[in-house]
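What follows is a single structure, written as structure tokens, with notes after it.
No value in this document is a laboratory result; all are computed from the given coordinates. Since the structure is predicted, the reported quantities are computational estimates derived from the model, not experimental observations. Note that each Cβ is placed from the backbone with ideal geometry, even for glycine, and that neighbours are counted across all protein chains shown.
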């Protein structure tokens with residue numbers, strides 16, 4: 001009996017679980033966003049590790065960059081003069 005009911009539902013509504021193109025596009029966009037954020041985090045961590053202006057740990061450098069706009073600008077522009 002249940003097999004007949006599920007067959008009727010499939011014929012009326014189609015396969016509800018089938019992925020649609022919209023969903024695949026959104027999933028791909030989500031994956032790209034996650035990868036880009038991971039790359040940006042890695043770049044920020046590398047900038048903090050390269051900074052020699054203060055002799056504190058990475059956590060303190062992150063806090064300082066979050067509170068002090070001049071220090072953040074210094075971090076972001078420290079490699080530009082080499083270009």
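One table, with the values for the structure above:
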quantity: Chain lengthening between residue 78 and residue 56 when straightened (0.36 nm per residue, less Cα-Cα); calculated: 6.2 nm
quantity: FRET E, pair residue 67, residue 34, Förster distance 30 Å, beta-carbon r, rounded to 0.05; calculated: 0.60
quantity: Among 24-31, 57-64, the order from most to least packed when residues are scored by Cβ within 10 Å on average; calculated: 57-64, 24-31
quantity: Mean projected area in nm² (Cα convex hull; one quarter of hull surface) for region 22-83; calculated: 5.8 nm²
quantity: Residue 49-residue 25 FRET efficiency (beta carbon distance; Förster radius 35 Å; 0.05 resolution); calculated: 0.45
